[in-house]
């Protein structure tokens with residue numbers, strides 16, 4: 001009953017200097033969800049870009065619905081029924097929902113666009129998926145989760161039989177993920193094949209039928225999800241045993257380092273009070289949009305505060321802008337590393353040095369290349385940043401290594417408080433553990449660590465104490481080893497009743 | 001939350017780029033009235049007619065630049081192409097070539113520049129600023145060379161007074177139903193291009209590649225073709241402006257159309273066309289070019305010096321964009337925070 005709809009054999013692809021894919025096999029059947037797993041840089045995205053016609057393979061055979069394709073353009077792939085829902089959402093933000101859904105294949109009569117017809121058609125598809133979006137709405141005004149739904153609806157509007165979802169849940173809240181899974185199940189029931197790429201292994205159980213595992217551009221194995229354990233999957237992915245997914249280091253809780261009193265900043269940060277002690281990691285849990293990112297931004301001085309006091313080692317510090325925060329020793333590794341964390345077009349070295357120019361310059365503000373080199377070498381060594389050399393553009397590194405650069409640029413300074421905002425989003429298991437180890441190392445050095453994360457298991461696994469936020473307020477505080485996911489979730493959803 | 005309540009004003013404002021266009025129209029009315037109150041001749045019928053005629057060049061240049069700006073690119077070659085057009089057409093006519101044939105040949109030359117721009121930017125991925133900077137110099141160089149580094153003689157010397165008059169009347173001096181032909185030509189082209197941009201597939205693609213070129217490409221939009229179309233529209237409008245300049249002077253001037261590309265940016269930007277691509281409508285460009293011409297005309301009428309005129313216009317351009325930024329961050333800023 002389940003036909004093979006995609007079969008790719010011995011696919012090879014090289015980029016200058018890198019062999020991205022080395023004789024990879026992949027197969028997808030109708031009516032199944034196939035998880036494509038592997039660490040960052042394993043070649044998952046490259047393989048899927050070949051299937052969707054973005055890249056051309058060097059060798060190997062590819063059949064879609066039994067038809068062999070030599071060279072596939074994005075348009076041909078679309079016609080063959082392949083649609084890709086991108087990790088970084090690919091929509092024209094200035095255009096409306098309907099305009100985006102019909103982009104590239106607009107309905108025309110005598111050369112004139114039939115707008116109302118397209119809007120009706122879009123509405124029909126959205127209704128069919130039970131998604132409540134006005135087709136006339138401008139896409140840029142929708143929240144990320146809705147934009148993603150629009151992408152799925154767009155794929156369905158071209159009657160895609162093969163949907164590739166690249167990290168579809170990385171920016172969604174728990175409720176939105178449920179909604180997405182509902183839609184995925186419906187698509188599956190319709191007999192469509194779905195390729196599901198995700199680093200959140202714990203969510204696979206809800207939807208996945210089979211898994212294909214890749215490592216370093218090579219095909220490792222494919223099997224039924226039922227017949228494999230999570231530990232096996234992880235060891236296939238990383239090629240070595242990961243002893244602990246969440247390595248915890250116990251430290252003695254010392255004196256109070258950092259305290260925030262009565263912090264208010266706009267609607268999303270209301271009356272925030274908390275402290276961080278020496279030798280602990282404080283986790284910030286909550287749903288997306290709970291105000292955690294806004295809190296970190298207000299502390300760091302990016303957004304203006306309406307009120308609030310910040311104490312460091314018992315002394316009050318005034319933070320009006322990020323420069324004040326950095327000078328005081330409070331640093332932030334922001335949520336969106338490509339947008340806020342890195343200058344992606346600058347080299348690894350330039351990124352590492354940027355906030356530390358005062359350390360490598362002499363009195364005339366001339367940069368000493370010797371000091372610069374020392375500082376870079378030290379950080380790269382310490383954080384095990386995998387980069388060919390320091391002159392590579394930061395944007396070309398893998399997600400995990402980018403994150404290390406973001407963190408690395410702060411470690412040269414003797415920071416007292418390091419704030420991590422979603423540091424592990426979109427990076428692979430191995431790199432996640434390295435980030436955890438890094439946080440643990442900071443904690444051992446006596447640095448106060450704030451750790452904002454939407455992934456419950458990692459907050460509970462890494463943080464010592466968890467502060468839960470909802471709707472811009474702190475709604476609870478628990479010790480990580482004495483709580484349950486349910487308890488945290490209850491606090492994370494304790495919205496005030498609307499008048 | 002629910003937008004089911006259909007408020008007609010809201011519906012109009014929901015049209016992409018309408019906000020900026022309406023702001024420009026309001027600004028236009030205010031500026032016009034202020035000048036009119038200082039000097040009543042601003043309101044005089046004759047002045048209005050002259051104003052509309054002078055504005056036509058800016059409107060066409062504005063349309064040219066707006067098409068390219070909406071794709072997220074820029075065309076610096078517009079002014080030079082206009083100059084080249086004027087020079088080629090005039091040179092051919094002084095050599096006795098039939099005006100129609102001369103115009104056709106000129107148009108072909110301009111199209112070549114448009115296609116070249118489109119390929120350099122779309123296909124070879126050159127930064128548009130650099131690519132069109134190159135073609136800007138080349139086109140101006142051609143304008144110098146066609147008649148051996150000097151302005152042409154009067155076109156009447158080649159094609160005779162009758163044909164020359166007909167050409168000049170059609171593009172500049174003549175009127176139809178009491179309105180200068182120049183304005184009518186520009187309005188007809190405005191309507192055609194307005195329709196192209198807002199109602200056709202190619203127009204939609206122009207917005208799409210300006211908004212997110214990767215998304216457009218992955219949706220099957222031909223980016224090279226769309227970019228080229230935008231530059232072609234630009235070159236075509238520049239060509240027509242060249243004819244108008246030629247008709248106005250009755251000869252070809254090597255420096256014709258100098259700086260026009262920047263006037264085009266100003267007209268577009270005042271009218272709410274985003275220099276970053278993706279938004280803007282030609283109605284805004286119409287308002288923008290009218291604001292531009294009204295300022296020039298009004299400042300002239302109240303006796304301001306050229307220097308003052310430039311300063312005022314410069315301030316208005318920056319102010320228009322500043323206003324746009326304030327309005328946008330005021331609105332979008334809130335929405336963004338929701339994560």
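Any read-out appearing in this document is the output of simple, stated calculations on the displayed coordinates, not a laboratory observation. As the structure is a computational prediction, the values presented were derived from the model and not from experiment. Every residue, glycine among them, receives a Cβ derived from its backbone with ideal geometry; neighbour counts consider all protein chains shown.
Quick notes on this structure:
- With contacts taken as Cα pairs under 8 Å at a separation of at least 6 residues, chain B carries a relative contact order of 34 percent.
- Just so you know, the Rg over Rh for the range B:181-297 is 1.01, from Cα atoms, with Rh as the Kirkwood radius.
- Principal semi-axes in Å for the range A:412-499 [√(5λ), Cα gyration tensor, largest first]: 26, 15, 13
- What the Kirkwood sum gives for the range A:330-382 is a hydrodynamic radius of 12.1 Å, with every pair of different alpha carbons counted.
- Residues A:366, B:61, ranked from the fewest to the most other C-beta atoms within 10 Å, line up as A:366, B:61.
- Taking Cα atoms only, the orientation of helix B:260-270 departs from the longest principal axis of chain B by about 30 degrees.
- Computed over the range A:4-238: relative contact order in percent, which uses C-alpha pairs under 8 Å that are six or more apart: 29
- Peptides B:172-182, A:423-433 ranked from most to least packed by the mean count of surrounding Cβ atoms within 10 Å: A:423-433, B:172-182.
- Test item: A:68-81 mean partner chain Cβ contacts at 10 Å: 1
- FRET efficiency estimate (nearest 0.05) - Cβ-Cβ, residue A:369 to residue B:304, R0 35 angstrom: 0.05
- Calculated on the alpha-carbon coordinates, the convex hull of the range B:248-319 measures out at 119 cubic angstrom per residue.
- Computed from Cα atoms, the angle from the helix A:144-157 axis to the main principal axis of chain A rounds to 10 degrees.
- Its residue count N fixes a reference of 2.2 N^0.38 Å for the range A:137-224, and the Cα radius of gyration divided by that reference is 1.16.
- Modelled label positions at residue B:276 and residue A:107, each set 7 Å beyond Cα in the direction of Cβ, lie 3.3 nm from each other.
- Using all pairs of distinct alpha-carbon atoms, the Kirkwood hydrodynamic radius of the range A:302-366 works out to 14.1 angstrom.
- Each of A:215, A:337 has some number of other Cβ atoms within 10 Å of its Cβ, and from fewest to most they run A:215, A:337.
- Cut-off 13 Å (backbone N to label point 7 Å along Cα→Cβ of residue A:128), residues of the range A:156-176: A:156-161
- Mean ellipticity per residue at 222 nm, deg cm²/dmol - from DSSP H runs of n ≥ 4 across chain A, formula -39500 (n - 2.57): -9500 deg cm²/dmol
- Quotient of C-alpha Rg and 2.2 N^0.38 Å, computed over chain B: 1.02
- Relative contact order computed over chain A (Cα-Cα under 8 Å; 6+ residues apart), in percent: 15
- Coordinate range along principal axes, alpha carbons of the protein assembly as shown, Å, largest first: 98, 69, 62
- Chain lengthening between residue B:312 and residue B:15 when straightened (0.36 nm per residue, less Cα-Cα): 103.9 nm
- The range A:256-492 - share of DSSP beta bridges that are antiparallel (%, nearest 5): 55
- Backbone N under 19 Å from the residue A:228 label point (7 Å along Cα→Cβ), restricted to the range A:42-59: A:42-48
- For the Cα trace of chain A, dividing Rg by the Kirkwood Rh returns an Rg/Rh value of 0.98.
- Going from the residue with the fewest nearby Cβ atoms within 10 Å to the one with the most, A:86, A:320 rank A:320, A:86.
- Counting only other chain Cβ atoms within 10 Å of each residue's Cβ, the peptide B:196-207 averages 4.
- Virtual spin-label span in nm between residue A:2 and residue A:244, 7 Å along Cα→Cβ: 3.7
- Efficiency of FRET between residue A:493 and residue A:346 - r from beta-carbon atoms, R0 41 angstrom, step 0.05: 0.50
- Here the range B:36-126 is described by how far its Cα atoms reach on the three principal axes: 53, 42, 15 Å, from widest to narrowest.
- Normalising by residue count, the range A:189-254 has a Cα convex hull of 141 Å³ per residue.
- Gyration tensor (alpha-carbon) shape descriptor, the range A:369-461, a/c threshold 1.5: oblate
- Simple spin-label estimate for residue A:309 and residue B:50 in nanometres, 7 Å along Cα-Cβ: 7.1
- Put simply, the range B:118-178 fits an ellipsoid with semi-axes of 35, 19, 8 Å; these come from the alpha carbon gyration tensor as the roots of five times its eigenvalues, largest first.
- Our analysis of the range A:256-492 gives Rg over Rh at 0.97, with the two radii drawn from alpha carbon positions and Rh computed by the Kirkwood formula.
- The range A:4-238: radius of gyration over Cα atoms, expressed as a fraction of 2.2 N^0.38 Å: 1.02
- Here chain A carries DSSP beta bridges of which approximately 55% are antiparallel, counting only pairs with both residues inside.
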